[in-house]
Amino acid sequence: MKILIQNGRIIDPANQIDQLGDLQIADGLIQPTSENFEPQQSLDATGLIISPGLIDLRARLREPGQKHKGTIFSESRAAAAGGITMVSTPPDTKPIIDSTAVVELIRQKAEQAGFVEVAPLGALTKGLEGEQLSTMGALKSAGCRAVSNAQNPIHNTQVLRRAFEYANTHDLTVFIHPQDYWLKDGGCAHEGAISTRLGLPGIPDAAETAGVARDLVLIRSTGVRAHFCGISSQQALQMITQARKEGLPITADTAIHHLYLTEMDIGQFNPNSHVIPPLRTERDRTGLIEGVCSGAIQALCSDHQPHDDDAKAAPFEETEPGISGLETLLPLTLRLAKEQHLPLIDALATVTCNPASILGLQSGTLSPGAPANITLFNPDTWWTVRADQLLSAGKNSPFLNWELQGRVTHTLLNGAIVYEAP
């Protein structure tokens, strides 16, 4: 299929392009501009922004294992509606992504659904139990771009060191969720005045900084390439930033909700504000925003975790953590750019070429010859987040009833239109 996208504002952060123009697509690839191009279909992008498809570094699709919360079909369809063309899913599925069979199952189901590409992360240890190393070479051959132990702790530092060394021998990036298990101690909210007032067990920011400190020591000694996931505290970010300045091969992301919400948003025990790591202080939120604007944080992600109603229908401490975030990632990123006077091209880099680079992919760009994974959106359209309009099976969003600006009109995957706004 030959498609011509006309008269749009093309923003391609990877190539530092921000200009009005047309985009030509054939055979699933972006083509060099040619006057002889004869499209079979044309899309008028007047007033729209043409961007590389978004890449979300952390989204749980709930399949295999938890179909009552969502499926690869339902969640990848929601991702396409949010302008996302690739999601990276953590290995804590059921069964765990520690065998090539599970990797192949996920990839096959994603291909059958046809909405987005799915990049599964392989398990760092067998069963995520933190005891025996996984077969990382086989997982890489099956298509895993990186390995992780998700939020499961590895208590034995020697095991963690050997896991880093083994990942390094296979040239795999390790995705790290820095957290000291003992300091976390079953907490569910940031340790501070709010958790004390509400009578909730707290998680101090020291749980994150202690985890970062241990990981940085092992990264220095092993030389492994590492990515810190879901940074939530200003102090942890400062430690990572300093280590990057010293030349350590590390990157970092934060979940988009940590740029808008704080411990205050727990309010009257709002279960949709129960996330791990927890919402922290206003100073932490401000520090994270500054980190995005300065480039200390390279990527933003949804940290999508859809839940059924029962998972959130309990006292706050007993509810399951996580939010549904695929469909709000883009508008919240656009809002960040507007509020912080961050150039739009830099904001879009955090959800396109930067996550692609972290995964070691040559995607997230509109360069000729690149896969035609493209998002068209109207940056001026206002819409209200409503549970009955979310395509995700999970309606557990803390942004329900928020008015957001920026709406996807079309999403293309390998040159095929996989989402078109009604």
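Before moving on, here are some points about what is shown:
- Paramagnetic label reach from Gln268 (point 7 Å along Cα→Cβ; backbone nitrogen cut-off under 17 Å): within segment 388-407, residues 400-401.
- Axis angle, to the nearest 10 degrees, between helix 100-113 and the longest C-alpha principal axis of the chain: 40 degrees.
- Scanning residues 5 or more positions from His190 or on other chains, those with amide H under 5 Å from its amide H are Ile203, Leu279, with H placed 1.01 Å from N in the peptide plane.
- Heavy-atom accessible surface of segment 118-259: percent carbon and sulfur, 1.4 Å: 46
- Note, ³J(HN,Hα) from phi for segment 408-422, Karplus 6.51, -1.76, 1.60, rounded to Hz, x at Gly and Pro: 6, 9, 8, 10, 10, 10, 6, x, 10, 6, 9, 8, 9, 4, x
- Taking all Cα pairs closer than 8 Å and separated by 6 or more residues, the relative contact order of segment 160-202 comes to 25 percent.
- Within segment 77-155, GluC sites (Glu not before Pro) in DSSP loop having at most 16 other beta-carbon neighbours inside 10 Å: Glu129, Glu131
- Residues with amide H under 5 Å from that of Gln31, placed H, sequence gap 5 or more: Gln24, Ile25, Ala26, Gly369
- Under the criterion of Cα pairs below 8 Å and six or more residues apart, the relative contact order for the chain equals 20 percent.
- Among [x] 57, 49, 40; [y] 64, 48, 43; [z] 73, 54, 49, the entry that matches Cα extents along the principal axes in Å as calculated here: [y]
- With a Förster radius of 25 Å applied to the C-beta separation of Gln242 and Asp346, the computed FRET efficiency comes to 0.70.
- Heavy atoms of Lys338 accessible to a 1.4 Å probe, total area in Å² rounded to 10: 130
- Square roots of 5 times each gyration tensor eigenvalue, C-alpha, segment 83-172, largest first, Å: 24, 12, 11
- Most mobile listed residue (Asp56, Asp171, Asp205) in the chain, GNM with C-alpha springs under 10 Å: Asp171
- Where the chain is the region considered: accessible area per residue in Å², 1.4 Å probe: 40
- A straight chain from Glu420 to Arg197 at 0.36 nm per residue would run longer than the Cα-Cα distance by 75.6 nm.
- Helix 329-340 axis, angle to the chain major axis (alpha carbon atoms, nearest 10°): 90
- Stretch gain in nm, segment His68-Gln362, where the contour uses 0.36 nm per residue and the Cα spacing is subtracted: 102.4 nm
The values are calculated or read from the model by the stated rules, or taken from the named source; none is laboratory data. The structure displayed is predicted, hence computed values, not measured ones. Note that we place each Cβ from the backbone using ideal geometry, even for glycine, and neighbour counts take in every protein chain shown. To get the accessible areas, we keep the full protein, side chains included, count just its heavy atoms, and leave off ligands, DNA and RNA. Shrake-Rupley method; radii C 1.70, N 1.55, O 1.52, S 1.80 Å.
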